[in-house]
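Step one of this worksheet: look at the structure below.
What follows draws every value from the coordinates through simple rules; no lab data is involved. All of these numbers come straight from a predicted model, not from anything done at the bench. FYI the Cβ positions are ideal-geometry reconstructions off the backbone, even for glycines, and counts take in every protein chain you see.
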Amino acid sequence: MVEALEQPRASFAGHTLETPWTALQLAYFVGTAMWTYLTQPFTFILPGFETAELEPWQENGEQQRRLRVVWPNYLATHSTVQTVYFGDDGLIRREDYDVEILGGSVGAHYMSGYTRVAGIMIPTMHRIFRGRRRAGHSPSRCWSRSISARSHSHSRHYANPYATVSAGAWPAR
């Protein structure tokens, strides 16, 4: 074994958006995030998940159903409590969450560009906004990071992916 991280989640204690990550922290985060994105909503039926339907949400001319999801402690995820938004077609449009490993920084994660892979609809575009719209509060600008499954670049720099962002505007409500 060349390198190990015995308690990966605990290794983020005290981190902020500006704290650089080690290669193993990056691997932990990417692994848990990708597993989360690729397996939900199917994982929500596993033992220990708690779900509750919330009031509908109107965004981009579409009424979306919202589901509050609490993840069980036996599964690693970047956020224990999430709000998941579903379109009329049953596909996930958005997730709101607190990035617990970054001291509770809030995020709104939009998914689009769905494509069918082995009969399962997979989003090919992910747009993540730091901060989130709350009732009565709609910031005109926020910070975003776009990730496309169709094109990406590689880097040896292990900056916190939530810190490497560019300016963007909130999607229309």
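Take the Cα radius of gyration of segment 1-112 and divide it by 2.2 N^0.38 Å, with N its residue count; two decimals is plenty.
After normalising by residue count via 2.2 N^0.38 Å, the value is 1.17.
Mind ordering 30-38, 46-54, 77-85 by average Cβ neighbours within 10 Å, highest first? Let's see the in-between values first.
Values: 30-38: 14.6, 46-54: 10.9, 77-85: 19.4.
Descending mean neighbour count gives 77-85, 30-38, 46-54.
Can you give me the Kirkwood hydrodynamic radius for segment 36-92, using every pair of distinct Cα atoms, in Å to one decimal?
Computed over segment 36-92, the radius equals 12.1 Å.
Would you please put 65-76, 110-121 in order of how densely packed they are, using the mean number of other Cβ atoms within 10 angstrom per residue and starting with the highest?
Answer by packing, highest mean first, reads 65-76, 110-121.
Set the Förster radius R0 to 45 Å, insert the Cβ-Cβ distance between Ala4 and Glu50 as r into 1/(1 + (r/R0)^6), and round the FRET efficiency to 0.05. Before the final figure, lay out each step's value.
Working: r = 32 Å, r/R0 = 0.72.
In this case the efficiency is close to 0.90.
Round to a whole angstrom and tell me the spacing of the C-alpha centers of segment 70-111 and segment 8-50.
11
Based on other C-beta atoms within 10 Å, arrange Arg94, Arg130 from fewest to most.
Listed from fewest to most nearby Cβ atoms, that is Arg130, Arg94.
Considering the Cα trace of segment 69-127, what is its radius of gyration and what is Dmax, both in angstroms?
12.9, 38
What residues have an amide H closer than 5 Å to that of Gln64, excluding those fewer than 5 places away on the same chain, when H is modeled at 1.01 Å from N in the peptide plane?
So Gln64 has HN proximity to Trp57, Gln58, Glu59.
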